[in-house]
Amino acid sequence: MEPTIKWYLNLGSDNTNSVNWHELNSSTTIYFTGPDTTSNKEDSITPATYYPYKWAEELWISSSNYSNSSQCKLYTSPEKDNQVANILRITFENDSTSTPPILTAYDNSSANSITNQMFGGEPGRMDSKGTNYTPWLKGIETTNKNTPSQNWIFGIEATSNTTTANALGSDYKVTCATNAGSNSAKTFALACAVPSDAIQGEHEWVYTIEYTYS
């Protein structure tokens, strides 16, 4: 039987005593933003001019065109020592998976397209929307409440093989270490980097979790 999948983002003030798992649905939008975002105003990420890319400073969610948004205050850019482990939580209710779940991303809910600029820069996939970078989205499975090691991702320059590690976008995936048991959860840390040659505007994506069941 297929497990029931639910998605949550941690809006709590810490990772142990004040965890607040906010359930996500099809109308929820996750925003990686700049540092001056408020509950009613989005601050765009300004691409770096002195470095090949810039990590998103903040993470917010909203269910209505960015009004009354809520900040995921535990999120920090991954180069900092205090990067928090359990930002995203995916639960598997009523049954287990037959293989380890896989977290990735596409630019539509049908999971069949990666034409957005944030995916077009993959090595070997250069197109009119592409850049000289690997996918902007990154993720890592976290199995406890500790923080990932500092610099758990190396950047997004396509010139380095290490930059494809933990990338999210079609063939770039984060595979969990084990199957998901019945009524269990998988947790992840997330990040997003914006390259210096990014086209200005909103870039949309859809996180997906892939799994098999019996």
In region 34-59, anything within 21 Å of W7 (Cβ to Cβ) and either in contact with a Cys (Cβ under 7 Å, 6 or more places away or on another chain) or among the polar types (S, T, N, Q) (or both) is listed as A56, L59
What about P35, is it within 17 Å of W136 (Cβ to Cβ) and part of a loop (DSSP other than H, G, I, E, B)?
-> no
Is one or more of the residues making up region 46-66 loosely packed, with under 13 Cβ neighbours inside 10 Å, of a type outside the set (F, W, Y), at pLDDT 80 or above and in contact with a Phe, Trp or Tyr (Cβ under 9 Å, 6 or more places away or on another chain)?
-> no
Which members of region 179-194 meet the condition of being more than 16 Å from the chain's Cα centre (by Cα) and in a strand (DSSP E or B)?
-> S184, A185
Filter pass, A111 being at pLDDT below 90, within 19 Å of G139 (Cβ to Cβ) and touching a strand residue (DSSP E or B) at 6+ places or on another chain (Cβ under 7 Å) = yes
Selection count where residues are within 17 Å of the chain's Cα centre (by Cα) and either among the aliphatic types (A, V, I, L, M) or under 15 Å from E202 (Cβ atoms) (or both), scope region 45-75 | 7
Output the residue which, of all residues in region 168-203 that are within 17 Å of K138 (Cβ to Cβ) and among the charged types (D, E, K, R), is surrounded by the most Cβ atoms within 10 Å (Cβ to Cβ).
-> K186
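The values are calculated or read from the model by the stated rules, or taken from the named source; none is laboratory data. Note that the structure is predicted; figures quoted are calculated from it, not measured. Here the Cβ is made from the backbone with ideal geometry for all residues, glycine too, and neighbour counts use every protein chain on show.
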